[in-house]
Amino acid sequence: MPKENIERAIKRATSKEYSNAEQLVYEGLGLHGAALIVECLTDNKNRTVHSLRSKFNHMGGSMTPVGYMFDKKGRIWFACGSTNDSMDKMMENAIEAGAEDIADLGEGKVEIICGFSSLQAITKLLTENNKYVVELMEGTYVPNTTVALNDEQATELETAVNDMESLDDVIKVHWNMA
């Protein structure tokens with residue numbers, strides 16, 4: 001996610017003019033049949049839905065329910081910190097903490113996917129019990145169905161998603177590209 005999107009979301013969340021802001025989630029089909037979930041923070045639902053519908057129409061897609069193609073999960077990236085634990089030990093501790101899926105990110109970092117409701121508890125276990133350093137903790141939408149795209153189609157979809165993320169009210173876009 002671009003740094004400017006994060007800064008814009010923080011500015012809106014702390015601004016007095018956005019004191020009535022709502023966090024909304026929109027769904028739709030985009031280019032080449034890719035499912036998109038769009039997280040937004042807005043003070044004007046009508047403006048946001050109009051802007052998103054325009055973007056979906058421009059890419060030949062539509063706003064339609066696709067949430068069943070995703071699972072709401074927690075994502076945590078962590079490093080060994082001062083423990084100097086091996087990658088195997090870190091993965092073992094992550095499994096014991098409740099991780100559903102684990103990936104080695106390289107450079108001594110691990111990514112785990114967990115149930116969204118257990119995100120806080122697992123993060124607390126990793127930091128307090130194991131003394132690991134958490135670099136990222138977020139809720140995310142993990143696709144349970146993916147679409148395979150060739151390089152050209154993938155580039156087109158990434159360009160369309162970046163265009164959608166450039167909207168003021170959009171915080172993050174999740175998609176199901178393989």
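The values are calculated or read from the model by the stated rules, or taken from the named source; none is laboratory data. What you see is a predicted model, and the numbers here were worked out from it, not measured in a lab. Here the Cβ is made from the backbone with ideal geometry for all residues, glycine too, and neighbour counts use every protein chain on show. What goes into the accessible areas is simple: the full protein's heavy atoms, side chains included, and nothing from ligands, DNA or RNA. Shrake-Rupley method; radii C 1.70, N 1.55, O 1.52, S 1.80 Å.
Data overview
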read-out	value
Residue check, Ser51 surrounded by fewer than 20 Cβ atoms within 10 Å (Cβ to Cβ), at pLDDT below 95 and at negative phi	no
Total residues in the stretch 10-24, condition assigned to a helix (DSSP H, G or I) and either at pLDDT 90 or above or surrounded by fewer than 12 Cβ atoms within 10 Å (Cβ to Cβ) (or both)	5
Qualifying position, being of a type outside the set (A, V, I, L, M, F, W, C) and touching an Asp or Glu at 6+ places or on another chain (Cβ under 7 Å), among Asn144, Asn150	Asn144
Failed criterion for Trp175 (all others in (1) hydrophobic (A, V, I, L, M, F, W, C); (2) at pLDDT below 95; (3) open to solvent by 50 Å² or more (accessible area, probe 1.4 Å); (4) under 18 Å from the mean Cα position of the chain (by Cα) hold)	(2)
Conditions (1) surrounded by fewer than 19 Cβ atoms within 10 Å (Cβ to Cβ); (2) of a type in the set (A, V, I, L, M, F, W, C); (3) at pLDDT 90 or above; number of the one not met by Ala94	(1)
Criterion: open to solvent by 30 Å² or more (accessible area, probe 1.4 Å), more than 17 Å from Thr123 (Cα to Cα) and at pLDDT below 85 - qualifying residue of Glu107, Glu27, Glu7	Glu7
Which numbered condition Asp43 fails, given (1) in contact with a helix residue (DSSP H, G or I) (Cβ under 6 Å, 6 or more places away or on another chain); (2) modelled with pLDDT of 90 or more; (3) open to solvent by 40 Å² or more (accessible area, probe 1.4 Å)	(2)
Enumeration of residues in the stretch 136-168 that are free of Cβ contacts under 8 Å to residues at least 40 places away in the same chain, among the charged types (D, E, K, R) and surrounded by 12 or more Cβ atoms within 10 Å (Cβ to Cβ)	Glu158
Evaluation of Phe78 against (1) modelled with pLDDT under 95; (2) open to solvent by 50 Å² or more (accessible area, probe 1.4 Å); (3) under 18 Å from the mean Cα position of the chain (by Cα) (one fails), failing number	(2)
